[in-house]
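Where a number appears in this text, it was derived from the coordinates with a stated rule and is not lab data. This structure is a prediction, so every number in the text was calculated from the model and none was measured. Neighbour counts run over all protein chains shown; Cβ positions are idealised from the backbone, glycine included.
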Amino acid sequence: LEGRSFILYHLKFVLCGGDERAFEYLIQWFGYIFQTRKKPGVMPQFLSDEGVGKSAIFGHNQSGPWVIARIYGQYFQWSDDIDSLLGKFNRDSMNRLLCVMEKAGTYRKGHRDWQEMKSMITEGTMLAEIKNVNMIRVNDNRAFAMLNNPDSLKVTDGSRRFLCCEGNSELSQ
């Protein structure tokens with residue numbers, strides 16, 4: 001498989017574990033964020049063993065930025081630290097359209113940032129703090145995706161902000 005066929009196969013059978021409903025939702029999610037460039041209010045979370053290929057689609061690996069990072073270019077944000085997204089001096093979060101968080105969940109902090117994280121997924125504005133400048137409220141159109149382990153977020157039955165996809169490591173090779 002090459003090109004688009006490889007990407008669709010990888011999304012459906014590897015990252016979504018063959019779950020047809022999750023894959024269909026994910027394709028619609030991508031369509032929405034690509035076409036409207038607005039916050040969808042739902043964050044896909046990809047759960048799998050290391051090495052399955054989450055970063056190959058959503059981030060960067062040894063060969064450099066991959067599909068989504070290339071599409072978004074300067075409007076792409078990658079983070080492995082939740083504090084850089086929720087803490088002071090978050091200038092890097094301004095004017096972005098997609099933020100991929102890799103192993104950046106709130107679990108390490110005992111879910112301390114959970115409410116802020118939920119708001120960040122759905123709210124269309126954010127407080128931006130730049131060093132030596134007063135905080136200002138700016139538009140925030142970032143969509144979010146998370147590549148992580150199952151304990152990274154406090155997701156409960158009925159949560160409406162998350163699409164949790166369990167990967168299939170058998171098909172990743």
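Quick one: net charge around ASN141, please, counting Lys, Arg +1 and Asp, Glu -1 for every other residue with C-beta under 9 Å from its C-beta. Residues near ASN141 contribute +4 overall. Among the listed pairs LYS39/LYS131; LYS12/LYS103; LYS38/LYS131, a Cα-Cα separation exceeding 24 Å is found for LYS39/LYS131; LYS38/LYS131.
Across segment 6-61, the mean sequence separation of Cα contacts (distance under 8 Å, 6 or more residues apart), normalised by length, yields a relative contact order of 33 percent. With a cut-off of 14 Å between beta carbons, the residues surrounding ARG21 carry a summed charge of -3, where Lys and Arg count +1 and Asp and Glu -1.
Remark on TRP78: its backbone amide H falls under 5 Å from those of VAL100, a criterion applied only to residues 5 or more positions apart or on other chains, H modelled at 1.01 Å from N.
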